[in-house]
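Down below is the structure, laid out as structure tokens.
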Amino acid sequence: MAGGWREGILHQKLTAAEVLSHCPTFKEEGLLGGFLYFDARVDDARLTLAVARTAAFHGATVINHAKAIEVTRNAQGKVDGVIVQAGQQEIRARAGRREAG
């Protein structure tokens, strides 16, 4: 079983409260608990690229190496987009992500 003794540390079983302390954006409703594994490794650059490609596949506007110069807000003050320096392009969105490293 993955997550065994491979790294010299056994996995840990977590209560729902412990899961939420590690992942505060998880929904509490229906959460019973989880596990914490220490044997996982990920190439952050490749993971970020995979997320960007998936987002583009689903219709998102994806811009690489662009400087965000202004966050835009709607009449209620809610963030609704960003202006990026890639040719002064304005992007409107329901949600946004910043992937930096």
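The values are calculated or read from the model by the stated rules, or taken from the named source; none is laboratory data. As the structure is a computational prediction, the values presented were derived from the model and not from experiment. Heads up, the Cβs are rebuilt from the backbone with ideal geometry, glycines too, and the neighbour counts pull from every protein chain shown.
Within the bounds of region 34-49, is there any residue that is charged (D, E, K, R), at pLDDT below 75, surrounded by 11 or more Cβ atoms within 10 Å (Cβ to Cβ) and out of contact with any Cys (no Cβ under 7 Å at 6 or more places or on another chain)? Yes: one or more hits. When you scan region 8-22, how many residues do you find that are in a helix (DSSP H, G or I), exposed (fewer than 13 other Cβ atoms within 10 Å of the Cβ) and either in contact with a strand residue (DSSP E or B) (Cβ under 6 Å, 6 or more places away or on another chain) or polar (S, T, N, Q) (or both)? Final tally of qualifying residues: 1. Annotation: of all residues in region 72-88 being modelled with pLDDT of 85 or more and assigned to a loop (DSSP other than H, G, I, E, B), the one that is farthest from Q12 (Cα to Cα) is A75. A single member of I69, I91 is in a strand (DSSP E or B), at pLDDT 80 or above and surrounded by 10 or more Cβ atoms within 10 Å (Cβ to Cβ), and it is I69.
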